[in-house]
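The values are calculated or read from the model by the stated rules, or taken from the named source; none is laboratory data. This structure is a prediction, so every number in the text was calculated from the model and none was measured. Reconstructed Cβ throughout: ideal geometry from the backbone, glycine too, with neighbour counts over all protein chains shown. Just so you know, the surface numbers come from the protein's heavy atoms only, side chains and all, with ligands and any DNA or RNA stripped out. Shrake-Rupley method; radii C 1.70, N 1.55, O 1.52, S 1.80 Å.
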Amino acid sequence: MKKVVLKLDLHDDKGKQKAMKAVSGLSGVDSISMDMKDKKLTVIGDVDPVDVVSKLRKQWYTEILTVGPAKEEKKDAGKKDEGGKKDGDKKKESDQIAELVKAYNAYNPHITPYYRVVSAEENPNSCVIC
């Protein structure tokens, strides 16, 4: 179970309904909630965050804010344990984010930083007036 929080560029309730309907069509979604004040969409379930984003990016600008476990554990341990766990959680979270960015770049090849330059000499069909 994952909790995915996304920021959407929505302006009205009609867009909200369309976004929630689009996400609800994905398999593995348990619950969906939308906060129109902050324009945040929260999806809970066994769903791939990249699939959710790709479904929503067809119509709206979508940004992944957080990806994490669905239920937060109660922290009754001592402060020494919390300090050690926070450092480990931050590393794990940064690794997860880096992994998601790599997966998204592989999924959407249009954001690649590589450019192809074709000169007129290489292309025999090009027209160049000298």
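Observations, loosely collected:
- Some residue of region 60-70 being over 17 Å from the mean Cα position of the chain (by Cα) and at pLDDT below 90: no
- Any hit, region 2-16, residues being among the small types (G, A, S) and over 16 Å from the mean Cα position of the chain (by Cα): yes
- Selection within region 27-70: residues that are out of contact with any strand residue (DSSP E or B) (no Cβ under 8 Å at 6 or more places or on another chain) and under 18 Å from M1 (Cβ atoms). The member of this set that is least open to solvent (accessible area, probe 1.4 Å) is V50.
- Just one of (1) in contact (Cβ under 8 Å) with a residue 12 or more places away in the chain; (2) open to solvent by 40 Å² or more (accessible area, probe 1.4 Å) fails for S24. It is (1).
- Screening region 40-68 for residues that are basic (K, R) and in contact with a helix residue (DSSP H, G or I) (Cβ under 9 Å, 6 or more places away or on another chain) and picking the one that is nearest to K21 (Cα to Cα) gives K55.
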